[in-house]
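Each remark here refers to the structure printed beneath this line.
The values are calculated or read from the model by the stated rules, or taken from the named source; none is laboratory data. Not measured: the values here are computed from a predicted model. Cβ sites come from the backbone with ideal geometry, for glycine too, and all protein chains shown count toward neighbours.
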Amino acid sequence: MTNSTLLILLGDVNDPVNFTFFIGCMAMMAASAFFFLSLNQFDKKWRTSVLVSGLITFIAAVHYWYMKEAAMDGAVENITAFRYVDWILTVPLMCVEFYLILKVAGAKKSLLTKMIVLSLIMLVTGYMGETVFRDQAAMWGFFSAVAYFAIVYEIWLGGAAKLAKEAGGDVLAAHKILCWFVLVGWIIYPLGYLVGTADGQWYSSFAELGLDMNVLYNIADAINKIGFGLVVYSLAVKKTA
Ligand SMILES: *C/C=C(C)/C=C/C=C(C)/C=C/C1=C(C)CCCC1(C)C
């Protein structure tokens, strides 16, 4: 490979994968500005929820800034590291969002702890499969998926679901939409994982789908972080009015 082809491959903004990092970064920044600047209009009780929405997109914006640089440099391992640091901070914050919303129905700290522990198991095992134990990506991905489905169970059918029903009205409606985000929006992540770790695994055919792991992760982040935040925002709008 000549130096100029290398340059085109590595430093090219027009590369469609790199481009999704740029647009993801901009979207996260814009969303953060939107959430932060809206804070004053809310009752104190709901301000915290919208603040957390803004923190989630802001933390993501900072990591996307670094990930887009790493993508431009072709530093694939750095992308993965930034990605998981981002998730380890933002996914627990999404658990906090569920908890804050359900506090009106008397949600206890133990619900928050349970969800955070499950999300950390999901992410740490996923990280192991993508990095240290790549040969056993299937097994680590399976452990991660178990924790993921435990979260899905908790919010759809478990204690969190019961609290949402007790709260009723706007809270129940918002909880339901967030549940759909976790069930449908979050499923893009394991799909990205299957695509990204397919090499040499029994699911190696996923590598032939023509999908890119980072593009899938970037799309999923935009949907889940910004969309999720907007659901919380509109609940706060309704409750303040
Ligand atoms: C803002 C970031 C979010 C909402 C990230 C969510 C990440 C997941 C739901 C990841 C799940 C995974 C599995 C269920 C199995 C394979 C490994 C993971 C970590 C990609």
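Among the residues of the stretch 192-206, which ones are surrounded by 17 or more Cβ atoms within 10 Å (Cβ to Cβ) and either over 13 Å from the mean Cα position of the chain (by Cα) or among the basic types (Lys, Arg) (or both)?
Answer for the stretch 192-206, where residues must be surrounded by 17 or more Cβ atoms within 10 Å (Cβ to Cβ) and either over 13 Å from the mean Cα position of the chain (by Cα) or among the basic types (Lys, Arg) (or both): Tyr193, Leu194, Val195, Gly196, Thr197, Ala198, Gln201, Phe206.
Rundown of residues vs (1) at pLDDT 95 or above; (2) crowded, with 17+ Cβ neighbours inside 10 Å; (3) touching a strand residue (DSSP E or B) at 6+ places or on another chain (Cβ under 6 Å), yes/no style:
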| residue | (1), (2), (3) |
| --- | --- |
| Val96 | yes, yes, no |
| Lys103 | no, yes, no |
| Ser110 | yes, no, no |
| Leu118 | yes, yes, no |
| Leu123 | yes, yes, no |
| Met128 | yes, yes, no |
| Thr131 | yes, no, no |
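Do you know which of the residues in the stretch 71-83 that are without any contact (Cβ under 8 Å) to a residue 60 or more places away in the chain and buried (at least 19 other Cβ atoms within 10 Å of the Cβ) is nearest to the ligand (Cβ to nearest atom)?
Checking each candidate, the answer is Thr80.
Name the single residue that is farthest from the ligand (Cβ to nearest atom) among those in the stretch 174-207 being without any contact (Cβ under 8 Å) to a residue 12 or more places away in the chain and either of a type in the set (Lys, Arg) or more than 27 Å from Val132 (Cβ to Cβ) (or both). Give the derivation first.
Start the filter on the stretch 174-207 by keeping residues that are without any contact (Cβ under 8 Å) to a residue 12 or more places away in the chain, which leaves 180, 184, 187, 198-199, 204-205.
Still in the list and also either of a type in the set (Lys, Arg) or more than 27 Å from Val132 (Cβ to Cβ) (or both): 180, 184.
Values: Trp180: 13, Val184: 11 Å.
Within the stretch 174-207, the match that is farthest from the ligand (Cβ to nearest atom) is Trp180.
Given (1) within 30 Å of Ala207 (Cβ to Cβ); (2) within 15 Å of the ligand (Cβ to nearest atom), where does Tyr153 come up short, assuming only one miss?
(1)
If you check Glu154, Glu166, Glu97, which single one turns out to be among the acidic types (Asp, Glu) and more than 25 Å from Asp43 (Cα to Cα)? So that I can check it myself, show each step before the final result.
Details: Glu166 fails: more than 25 Å from Asp43 (Cα to Cα); Glu97 fails: more than 25 Å from Asp43 (Cα to Cα).
Result: Glu154 is the single residue among Glu154, Glu166, Glu97 that is among the acidic types (Asp, Glu) and more than 25 Å from Asp43 (Cα to Cα).
Can we say Ala160 is away from the ligand (no atom under 13 Å from the Cβ) and crowded, with 16+ Cβ neighbours inside 10 Å? Steps first, please.
Numbers: away from the ligand (no atom under 13 Å from the Cβ): yes; crowded, with 16+ Cβ neighbours inside 10 Å: yes.
Spelling it out, Ala160 is indeed away from the ligand (no atom under 13 Å from the Cβ) and crowded, with 16+ Cβ neighbours inside 10 Å.
Quick one: would you say Val104 is within 16 Å of the ligand (Cβ to nearest atom), farther than 20 Å from Tyr189 by Cα and in contact (Cβ under 8 Å) with a residue 60 or more places away in the chain? Explain how you work it out, then say what you get.
Working: within 16 Å of the ligand (Cβ to nearest atom): no; farther than 20 Å from Tyr189 by Cα: yes; in contact (Cβ under 8 Å) with a residue 60 or more places away in the chain: yes.
No; evaluated as a whole, the condition is false for this residue.
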